[in-house]
Number of protein chains: 4
Amino acid sequence: MQIADKIFGSRLFMGTGKFSSNQLMQEAILASESELVTVALKRVDFDKNEEDILQYVKHPGINILPNTSGVRTAKEAVFVAQMACEALETDWVKLEIHPDPKYLMPDPIETLQATEELAKLGFKVLPYIHADPVLCKRLEDAGTSAVMPLGAPIGSNKGLKTFDFLEIIIAQSVVPVIVDAGIGAPSHAALAMEMGADAVLVNTAIAVAGNPVKMAVAFKMAVESGRMAYEAKLGNISSKAVASSPLTAFLDEQ
Amino acid sequence: MQIADKIFGSRLFMGTGKFSSNQLMQEAILASESELVTVALKRVDFDKNEEDILQYVKHPGINILPNTSGVRTAKEAVFVAQMACEALETDWVKLEIHPDPKYLMPDPIETLQATEELAKLGFKVLPYIHADPVLCKRLEDAGTSAVMPLGAPIGSNKGLKTFDFLEIIIAQSVVPVIVDAGIGAPSHAALAMEMGADAVLVNTAIAVAGNPVKMAVAFKMAVESGRMAYEAKLGNISSKAVASSPLTAFLDEQ
Amino acid sequence: MQIADKIFGSRLFMGTGKFSSNQLMQEAILASESELVTVALKRVDFDKNEEDILQYVKHPGINILPNTSGVRTAKEAVFVAQMACEALETDWVKLEIHPDPKYLMPDPIETLQATEELAKLGFKVLPYIHADPVLCKRLEDAGTSAVMPLGAPIGSNKGLKTFDFLEIIIAQSVVPVIVDAGIGAPSHAALAMEMGADAVLVNTAIAVAGNPVKMAVAFKMAVESGRMAYEAKLGNISSKAVASSPLTAFLDEQ
Amino acid sequence: MQIADKIFGSRLFMGTGKFSSNQLMQEAILASESELVTVALKRVDFDKNEEDILQYVKHPGINILPNTSGVRTAKEAVFVAQMACEALETDWVKLEIHPDPKYLMPDPIETLQATEELAKLGFKVLPYIHADPVLCKRLEDAGTSAVMPLGAPIGSNKGLKTFDFLEIIIAQSVVPVIVDAGIGAPSHAALAMEMGADAVLVNTAIAVAGNPVKMAVAFKMAVESGRMAYEAKLGNISSKAVASSPLTAFLDEQ
């Protein structure tokens, strides 16, 4: 799969929040075989101390995607993206603009504006948004590199509550669709991939699992499985039963 | 996982109906790495002609589970099980008693009675049933080797429509629980495993896929993924958002 | 609607458990305009003291339906039905046989057997059952007067978790179908009626409401609304949007 | 319920599209007892011929809410609102801006901008929007009189597919929340009201029903039922069964 000018072998992207330790986070990321890992710029220690989160994320084959978590406006987001660009030497940015402190829902207006400005500045923008089909098309016009619609509120583990709208988004999109937020189990990730999403971003479900490293592997497999099913084409859902086994009363025939 | 006296490395069981050719069925079965494959006794060619379905299923490491599909009563089921025992040299039988020609729903009364009789005769009985928690306990008392509650009508691909009842069945069961019928996508199989089901049986979803062999692999991975997630323990579902990334307005602090 | 030889003007049946007082229960029942109210025989005070629950249920136009709640076998159920018949002078009985103390799921085997015996004795039997389409047909053969499939576990307020199976039951039944257990809100009751159920039985959702009398009225209206919608025929569900308002860009035309 | 400076006795708002005749539409509107009816300005015949839709909608007690259906930008919407104001002598307008011809999803950016401009001009604005909680708050800041989040794509009859987001919107809103689009059955309308929505707007489900007049009455009752249930407070949903009837094995005690 390609986003902007980069090709990814894995369709599982990972977040870095909520792990009980940086060490455990690192193990889970490596186990997931993810090639794109997002880090809140706020968490980066610019004095590069030993406990700097970046020390645990930097690996060959892993792209670091700084995110703007914590900002409330387009202006703040552009500023943070520029800081990230300088600090991490990347022009990729995950845009997260959520003025709402309780449900952390993204702001469609500020997000579109920040996308326009950052795209003009040459950034590769991956905006986190509500599963709003029209907003997705407007982000394309604004030069976004992908869209990242939510499945359910961040950290809720509720799964694809926006299913009906993700279907429309996927059908219409000309940029990659990455389902972000709400994915709480491998079955949710598999479902997103079966629908034709290009990738998923998972964080909470892995970080808070009993065994995050094992859960990371479970997600890796689910994403691959869902993608294969999409490529192999699922059968139709029917409301009548259709016997798998022939049903004539064969005893009569013996 | 163990059923009766047999240990299985794979938790994906497969059916053999609806494939467009025996050759394709064989490839899909091998790709799935399933170790238990069910065959309707009716389809077995006792004259052992070249096109006999069994020629395509018999492989080292694959157990053949004859099923009674097509019977309508306990009496017929016992008779067919005995025929199967003789013809296939196995005392395992998948009990399918569905008098209903349209929705193919199983008959709880005949199924319990046949299970009792067959268990007394020394059979290892795996009954296909509605997701009825009390019936499951009664089947245990009758000596069943496993229970096979349905997720949705056979061949419907609708997924786990019986979710709330499967939860109860799994919580209460002392024999393995194998979710049978209705599983239409790898995400459904993963969900069943995440809930703690011991195995799933898939047929239609693989047989009618655009590419059955690839779909078989997708199911294999989904089942393993779901099982790993179950073992690694999923986090709770919450109705409030909980930020993966820290949310304080860090710009103020810079 | 007719069950056995009785005609009912209301399709809302009520239970009598869990109310905070008999007085409140009485007010809620009267407000609901229900014509069929079920009472656990166990709760009937045969010494006819002042606080006997029956004093609060007996009203012109209300039929009392004794239920066998608390029994675990067909034999016990038949005995309780006969006691009820003598004590309450009715040959109607709601059969509830649930050996399972935690989820209170009904026993299909004992229920069918008790239905057969009671029907032969001339009882009008209304059995509470799992939403099992084949069991429903067997109960018809046994002489049942109606079937009462559950929507979700008793007292769970979860709604119609058995939706896909209720659809099949309703399509196939020749006796009235009364959805029992799990209905937790008027919208659930409306949905059951829209599907074509003949009636619903509600208890917990009314008894534990903040204002049970007002909630009883809400259920009464929802049941009538759902029935009217069934009769008026709902439109199809479509996955594409279809504009209610004409969509041509009329500004161009002005 | 109050919106802007008007008080409404009915919480059921109606649309006027898709009816097979104006006469039938009129009967359904009157049967619904709705006090707010929306009409696409495009459909208004400014030459006031006999077949003008307005002749069928104008009744004492019914407020006509012109809508901007067919426009694609804020600029067009403002222009149409002004035309409507002149033609219909009302400063109320339902804002519908959907550039997308297939799914008719509303545009969040243009809708916010039009709301700002129209509110400044003194209009009472009721914008049709995606169920986006942040957008709803921004519309409040822009001076909206209500928010009209969709339940599902217009005309789909799919119900409240945005349930999880409507919950957040309702919890946070300081203006009335009117669920618009997707409501396909009285049970959906009852559910919206039970959640605490202030009103619902229904069109397709009534217009395409087998009997639109009867369906209008069904919706009227469902809306009242759902509102009563909201006021009477529903009980909690639990995953364990809780017996409505006492469950001790009373036979032992007799």
With springs connecting C-alpha atoms under 10 Å apart, model chain C as a Gaussian network and identify which of C:E96, C:E27, C:E194 has the largest mean-square fluctuation. C:E27
Per its Cα gyration tensor (rounded if a/c is under 1.5, else prolate when a/b beats b/c, else oblate), the range D:1-78 is best filed as oblate
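From other protein chains only, count the Cβ atoms within 10 Å of every residue's Cβ in D:125-135, then give the mean.
Rounded to a whole number, the mean comes out at 5.
If packing is taken as the average number of other Cβ atoms within 10 Å across a peptide's residues, how do A:130-137, B:75-82, D:7-14 rank, most packed first? Provide the component values of the computation, followed by the final result.
Values: A:130-137: 26.1, B:75-82: 21.1, D:7-14: 19.2.
Order by mean packing, descending: A:130-137, B:75-82, D:7-14.
Using a 10 Å cut-off around each Cβ of peptide D:207-219, what is the average number of partner chain Cβ atoms that fall inside?
Working: counts 2, 6, 5, 6, 5, 3, 1, 5, 8, 2, 5, 13, 4.
Mean shielding by partner chains, rounded to a whole number: 5.
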Interchain or long-range residues, amide H under 5 Å from A:N63's placed H: A:L36, A:V37
Could you pull out every residue, at least 5 positions away or on a different chain, whose amide H is within less than 5 Å of the one on D:W92? Hs are placed 1.01 Å off N in the peptide plane, and Pro or chain starts have none. D:K124
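Given only helices, namely DSSP H runs of n ≥ 4 each adding -39500 (n - 2.57), what is the per-residue ellipticity at 222 nm of chain B, to the nearest 500 deg cm²/dmol?
Details: 8 runs with 93 residues, N = 254.
It comes out at -11500 deg cm²/dmol, rounded to the nearest 500.
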Selection from A:V125, A:A222, A:A40 lying farthest towards where the dipole of the range A:2-235 points positive, charges on Cβ: A:A222
Obtain the nm distance between the two label points defined at A:D5 and C:K75 by a simple spin-label model: each point lies 7 Å from its Cα along the Cα-to-C-beta direction. 8.4
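For the protein assembly as shown, what does the alpha-carbon gyration tensor say about shape, rounded, prolate or oblate, given a ≥ b ≥ c as the root eigenvalues, a/c under 1.5 as rounded, and a/b over b/c as prolate? Spell out each step's value before the answer.
Details: a/c = 1.86, a/b = 1.16, b/c = 1.60.
It is oblate, given that a/c is not under 1.5 and a/b is not larger than b/c.
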R0 of 45 Å, Cβ-Cβ distance B:A87-B:S238: FRET efficiency to nearest 0.05: 0.25
Aspartates and glutamates with Cα under 16 Å of A:K161, excluding same-chain neighbours fewer than 8 positions away: A:D132, A:D180, A:E194, D:D132, D:D164, D:E167
Could you list, in their original order, any pairs among B:K75/C:K137; A:K58/A:K120; A:K42/A:K158; A:K137/D:K137; A:K220/B:K42 whose Cα atoms are separated by more than 30 Å? A:K220/B:K42
How much net charge surrounds D:A229 when only the other residues with a Cβ under 12 Å from the Cβ of D:A229 are counted, with Lys and Arg +1 and Asp and Glu -1? +1
How would you classify the range C:2-253 from its alpha-carbon gyration tensor, with a ≥ b ≥ c the square roots of the eigenvalues: rounded for a/c under 1.5, else prolate if a/b is greater than b/c, otherwise oblate? prolate
For the range D:163-175, what does the Karplus curve 6.51 cos²θ - 1.76 cosθ + 1.60, with θ = phi - 60°, yield as ³J(HN,Hα) per residue in whole Hz, taken in order and with x for Gly and Pro? 2, 5, 8, 4, 4, 5, 4, 5, 5, 9, 7, 9, 10
Counted neighbours (other Cβ, 10 Å), sorted fewest up, put A:K58, C:K158 in the order A:K58, C:K158
Neighbouring partner chain Cβ atoms per residue of D:96-105, average, 10 Å criterion: 6
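Excluding D:G17 itself, what net charge comes from residues whose Cβ is under 11 Å from its Cβ, given Lys and Arg +1 and Asp and Glu -1? Please report the intermediate quantities before stating the final value.
Values: positive: D:K18, D:K42, D:R43; negative: none.
Every neighbour counted, the sum reads +3.
Express the relative contact order of the range D:2-253 as a whole percentage, based on alpha carbon pairs under 8 Å and six or more residues apart in sequence. Spell out each step's value before the answer.
Details: 487 pairs, mean separation 46.4, N = 252.
That works out to 18 percent.
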³J(HN,Hα) computed for each position of the range A:58-66 - Karplus, 6.51 cos²θ - 1.76 cosθ + 1.60, integer Hz, glycine/proline x: 5, 8, x, x, 10, 8, 8, 10, x
GNM, chain C, Cα, under 10 Å: largest mean-square fluctuation among C:P108, C:P60, C:P127? C:P60
Quote the charge dipole size of chain C about the Cα centre in Debye, to the nearest 20; the model charges only the Cβ of Lys and Arg (+1) and of Asp and Glu (-1). 320
Cβ-based net charge around D:L150, under 12 Å, with every Lys or Arg adding one and every Asp or Glu removing one: -3
What residues from the range A:128-142 fall in the zone where the backbone N is under 17 Å from a label point 7 Å along the Cα-to-C-beta line of A:A171? A:131-137
Can you work out the Karplus-derived ³J(HN,Hα) for every residue in the range A:201-209? Use 6.51 cos²θ - 1.76 cosθ + 1.60 with θ = phi - 60°, whole Hz, and x for glycine or proline. 10, 10, 9, 3, 4, 7, 4, 9, 5
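Since every read-out is calculated from the coordinates, none of them should be taken as a lab result. Since this is a predicted model, take the numbers as computed values, not measurements. Cβ atoms come from the backbone with ideal geometry, glycine included; neighbour counts cover every protein chain shown.
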